[in-house]
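Please read the structure below before turning to the comments.
The values are calculated or read from the model by the stated rules, or taken from the named source; none is laboratory data. Predicted model only: the values in this text are computed from it and were never measured. Cβ atoms come from the backbone with ideal geometry, glycine included; neighbour counts cover every protein chain shown.
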Amino acid sequence: MAIRLEKGHRINLVKESGAKLTNFCVGCNWGAIVKKSLFGLLSSNVDVDLDLSCLMFDIDGKPIDHIWSPLYRFGDSNVGLPNGKLDSIDRALHHTGDDRSGDQDGDDGLDNEIITVDLNRVDSNVNSIVFFLNIYNNEDYSGDFSGIPYASIRMFEGTPDKAPKQVFAQYDVATKTECVGMRALVMGKLYRRNGEWKFAAIGDAFPDTSIVNTIGRVMRDYSK
Ligand SMILES: [Ca+2]
Ligand SMILES: [Ca+2]
C-alpha cells in the first residue's frame with residue numbers, strides 16, 4: 001500500500017521487506033484538460049505543462065546543484081539563476097525531460113516527468129534535496145492545480161518507462177483543497193540524518209506564476 005503523503009509526514013526510506021530504499025523514481029503523472037463542445041458532441045484537449053524540479057543543498061543550506069527543465073534559460077537573462085539541466089553533477093539524479101502537454105488520451109498510468117534517484121551516488125556534500133512542481137504558463141493553460149483532471153506526485157521503485165508495480169508514497173495535487181488557486185507545490189525533501197536518508201513530505205502550495213518565484217522560495221524557506 002502506498003503511503004498517502006500528508007503535510008509534515010516524515011518517512012523512513014525502508015521497504016516492506018525491511019530493505020533500504022535507495023534507487024527510486026520521483027514522478028508526476030498528469031493529464032491534459034478535455035474540453036467538450038456545447039452538447040458534448042466534440043471534444044478537444046488543452047495542453048497542461050507541469051514542471052518537476054529539485055534543488056540540492058549542503059548542510060548550511062547553501063544551494064549546490066539543481067535540476068529543472070533545460071528550456072528554462074535563466075543564464076541568458078539576468079535572473080541570477082543557472083540554466084536548466086537534466087542531470088545532477090554527481091549523476092545521482094536524472095530527469096527524464098520536459099513534458100509540455102500531459103496525457104492526451106486519458107490516464108496512461110505513466111508519469112510524464114520523472115526524476116530518478118540513486119542515493120548511493122549522491123555527493124557527500126549534499127545534505128538535502130527538495131522536490132517541487134510548477135505549472136508553466138503555456139498559451140493553452142495558465143490556471144491552477146484544481147483545473148487539471150488529475151495530477152499526482154509519487155515515489156516508486158522501478159524504471160520510468162513502466163507503470164509502477166508498487167508505489168512507495170503518493171501525493172495527489174489536483175484533488176487537494178489546499179491546492180485550489182495554487183500553481184506551485186513544494187512537495188517534499190530527502191535529507192540526511194546520522195548518515196541515513198529520510199523523506200519529509202512538505203506539501204506547501206503557492207500561487208507562484210513563475211518557477212523563479214518558487215526557486216527563490218525553496219532557497220529561502222526550505223534549504224535547511
Ligand atoms: Ca513540463
Ligand atoms: Ca501520464
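When GLY8, GLY61 are screened for being at pLDDT below 95, assigned to a loop (DSSP other than H, G, I, E, B) and away from ligand 2 (no atom under 16 Å from the Cβ), only GLY8 passes.
Entry remark, segment 56-86: residues being away from ligand 1 (no atom under 13 Å from the Cβ) and out of contact with any Leu (no Cβ under 7 Å at 6 or more places or on another chain) number 20 in total.
For segment 59-113, filtered to residues that are touching a strand residue (DSSP E or B) at 6+ places or on another chain (Cβ under 6 Å) and among the β-branched types (Val, Ile, Thr), the residue that is nearest to GLY31 (Cα to Cα) is THR96. Among the residues of segment 176-201, those that are touching a residue at least 12 places away in the same chain (Cβ under 8 Å), over 16 Å from LEU13 (Cβ atoms) and not aliphatic (A, V, I, L, M) comprise LYS176, GLU178, CYS179, GLY181, ARG183.
GLY40 meets the conditions (1) more than 16 Å from ligand 1 (Cβ to nearest atom); (2) of a type outside the set (A, V, I, L, M, F, W, C); (3) closer than 30 Å to ALA92 by Cβ in every case but one. The failed one is (3). Scanning segment 83-130 for residues that are in contact (Cβ under 8 Å) with a residue 40 or more places away in the chain, under 22 Å from ALA201 (Cα atoms) and not in a loop (DSSP other than H, G, I, E, B) yields HIS95, GLU113, ILE114, ILE115, THR116, VAL117, ASP118, LEU119, ASN120, SER128, ILE129, VAL130.
Would you call ASN134 polar (S, T, N, Q) and loosely packed, with under 15 Cβ neighbours inside 10 Å? So ASN134 does not fit the description; no. For ASN12, the conditions (1) surrounded by fewer than 21 Cβ atoms within 10 Å (Cβ to Cβ); (2) within 24 Å of GLY102 (Cα to Cα) all hold with the exception of (2). Checked against (1) assigned to a loop (DSSP other than H, G, I, E, B); (2) over 18 Å from VAL34 (Cα atoms), ASN138 meets all criteria but (2). What residue, among those in segment 144-166 that are surrounded by 15 or more Cβ atoms within 10 Å (Cβ to Cβ) and part of a loop (DSSP other than H, G, I, E, B), is nearest to ligand 1 (Cβ to nearest atom)? The residue in question is ILE148. Looking at the structure I just gave you, is ASP105 within 16 Å of ligand 2 (Cβ to nearest atom), within 17 Å of ALA184 (Cβ to Cβ) and not hydrophobic (A, V, I, L, M, F, W, C)? Judged against the criteria, ASP105 is not a match. Of everything listed in (1) more than 13 Å from the chain's Cα centre (by Cα); (2) crowded, with 19+ Cβ neighbours inside 10 Å, the single unmet condition for VAL186 is (1). Of SER44, SER53, all but one fail to be in contact (Cβ under 8 Å) with a residue 24 or more places away in the chain, closer than 23 Å to ASP144 by Cβ and either touching a Lys or Arg at 6+ places or on another chain (Cβ under 6 Å) or surrounded by 22 or more Cβ atoms within 10 Å (Cβ to Cβ) (or both); the exception is SER53.
Checked against the criterion of being under 25 Å from ARG192 (Cα atoms), β-branched (Val, Ile, Thr) and within 16 Å of ligand 1 (Cβ to nearest atom), segment 88-98 has at least one qualifying residue.
Which one of these does ILE3 not meet: (1) under 22 Å from GLU113 (Cβ atoms); (2) at pLDDT 85 or above? Evaluating ILE3 over (1) under 22 Å from GLU113 (Cβ atoms); (2) at pLDDT 85 or above leaves (2) as the failure. VAL79 meets each of the listed conditions (1) in a loop (DSSP other than H, G, I, E, B); (2) more than 24 Å from THR209 (Cβ to Cβ); (3) hydrophobic (A, V, I, L, M, F, W, C) apart from (2).
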